[in-house]
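Every read-out reported here was derived from the displayed coordinates using simple, explicitly stated rules and does not represent laboratory data. Fair warning: this is a prediction, and the values are worked out from it, not measured in the lab. Positions of Cβ are backbone-derived with ideal geometry, glycine not excepted, and every protein chain shown enters the neighbour counts.
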There are 2 protein chains.
Amino acid sequence: VTVRLVGAGPGDPGLITARGLELIRGCDVLVHDRLVAPELVAEAPGDALVIARDGTGQEALNRLLVELGRDHEVVRLKGGDPFVYGRGGEEALALVAEDVPFEVVPGVSSLAAVPAAAGIPLTHRGIAAEVRVVTGRSAGCETGPPTTVVFMGLESLPEVRDRLLAEGYSPDTPAAVVAHGTTPDQEVVVSDLASVAEDAAGLSAPALVVVGEVVALRERLLAGQPAAAGAARHSCAA
Amino acid sequence: VTVRLVGAGPGDPGLITARGLELIRGCDVLVHDRLVAPELVAEAPGDALVIARDGTGQEALNRLLVELGRDHEVVRLKGGDPFVYGRGGEEALALVAEDVPFEVVPGVSSLAAVPAAAGIPLTHRGIAAEVRVVTGRSAGCETGPPTTVVFMGLESLPEVRDRLLAEGYSPDTPAAVVAHGTTPDQEVVVSDLASVAEDAAGLSAPALVVVGEVVALRERLLAGQPAAAGAARHSCAA
């Protein structure tokens, strides 16, 4: 009785994660997007309920996941990664609101995998050290500043902070540092841009820094995630 | 006698791709980064040569891959994704230069997976529709403008072009559109920012748009990739 939001990867069925494939093979119910590889849908057990979401609006889909999640092991199979233009956060919040446990199983986003399949690396020494990700459909939807993700930023957090402040981010923008992410040693510090360098001083590399209003979703989303994330340190400045 | 540049994912060994795991299990030689999960290294066959690259500089590593790739099925296992701050492009170019075939097998980047493990979606409707990815270590390395990736941008390519031009991208910045990426239906159009909207008019969704100087690496990298990418349409404006 858990809903797993599983990333199916960019198209090639071989690019699903080992864990995602295992969950599909053990599910009672599979709810999948249209663009998910049919080979992956075929991995569900023969007696599983398989639902294509074609034509189902997001609100109705959220309600469906809540209903099914109360009594079943549900895999919600989404193209790419659930948290990169996947609306996984909306589905997760709907589950949290109804006390249905959920888990997010990341997938290979099209972001780097599709360019790679065409022979294009997103970053390359001496050519490009930064990536910007936008959507052609965001125009109609009012949103705030972009989320900024910093790789290898732990040692240079004061410089990162100064740069983002200079670019116009507010000092009270929520900021998180996640060290040893996805492993049993994961540690999370949640703070704001002004204080994150000091608050994260005790962490060790590797660590990823996330700056943006999405960080504030963490507390709402974690209410529904009893697993790994709950064990993480949470020194919240808010 | 191929070198596979395989993304190991963000840390959790369950987040390697199914294809990546299969390749590890069938390799002759495994060359892995320090931060790769030991559970994945242990999946190599008992008689495989396993090499940790600790302390090996990038130049020496490139030469090692070339030497081993001439006679062996080599898996080069890298943390995260090979083409997101993974220096996979450099290793690939070294292999191309010596006519050693290679393949890139994308992995789950820490980019979205690590925030997800901490309960943070990178994008969320009404909160953030864009993501910026930077590194804390780029300061010492001169690079050009960021790579821009556009999701769901095929229908709005003229608007995307106008926006990027207004932001200061040169009209002759290399640009690619990849439709149905990583699948047998993959189609690629390579052009420049000024012409990409016209040149990609015949493609169908889903498609990803990539704008930046990294696109120009494609021709050099594809010389070493005889597989899927070679079957793609290549209408190069350059």
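Worth pointing out:
- Here the calculated FRET efficiency for B:Glu198 and A:Arg137, from their Cβ-Cβ distance with R0 = 25 Å, stands at 0.75, rounded to the nearest 0.05.
- Positive minus negative residues near A:Ser191 (Lys, Arg vs Asp, Glu; Cβ under 9 Å): -3
- Inverse mean reciprocal Cα-Cα distance (Kirkwood Rh) of the stretch B:122-187, Å: 14.7
- Using every pair of distinct Cα positions in the stretch A:3-78, the Kirkwood expression returns a hydrodynamic radius of 12.2 angstrom.
- Seen from A:Pro174, the other residues with C-beta closer than 11 Å to its C-beta sum to a net charge of -3, counting Lys and Arg as +1 and Asp and Glu as -1.
- For chain B, calculated [θ]222 nm from helices alone, where every DSSP H run of n ≥ 4 adds -39500 (n - 2.57): -7000 deg cm²/dmol
- Between B:Val105 and B:Leu5, B:Val6, B:Gly7, the built amide H atoms are under 5 Å apart, and every one of these is 5 or more places off in sequence or on another chain.
- Translational diffusion coefficient (Stokes-Einstein; Kirkwood radius from C-alpha pairs) of the stretch B:45-174 at 10 °C, 1.306 mPa s, in µm²/s: 87
- Sorted shortest first, the distances from the A:Val1 label point to those of the same residue in the other copies are 6.0 nm; each point sits 7 Å from Cα along Cα-to-Cβ.
- With label points defined 7 Å past Cα in the direction of Cβ, position A:Ala205 shows copy-to-copy spacings of 4.1 nm, given to one decimal and shortest first.
- With the gyration tensor restricted to C-alpha atoms of the stretch A:1-45, the semi-axes of the equivalent ellipsoid amount to 16, 11, 10 Å, longest first.
- The base-10 log of I(q)/I(0) for the protein assembly as shown, evaluated at q = 0.06, 0.10, 0.13 Å⁻¹, reads -0.24, -0.70, -1.25 [Debye formula, identical scatterers on Cα atoms, solvent excluded].
- Secondary structure note: in the protein assembly as shown, about 45% of the DSSP beta bridges are antiparallel.
- Relative pair counts by distance (%), Cα atoms of chain B, 10 Å bins: 7, 28, 34, 24, 7, 0
- Checking every one of the GluC sites (Glu not before Pro) in the stretch B:96-146 against DSSP loop status and a limit of 12 other Cβ atoms within 10 Å picks out B:Glu142.
- Label sites at B:Glu98 and A:Arg220, each approximated as a point 7 angstrom past Cα along Cα to Cβ, lie 5.3 nm apart.
- Low-density loop positions, trypsin sites (Lys or Arg not before Pro), the stretch B:1-72 - DSSP coil, at most 11 other Cβ in 10 Å: B:Arg34
- Computing FRET efficiency as 1/(1 + (r/R0)^6) for A:His72 and B:Glu155, where r is the C-beta to C-beta distance and R0 is 30 Å, gives about 0.25.
- A cut-off under 11 angstrom between Cβ atoms defines the neighbours of A:Val108, and their net charge, with Lys, Arg +1 and Asp, Glu -1, is -2.
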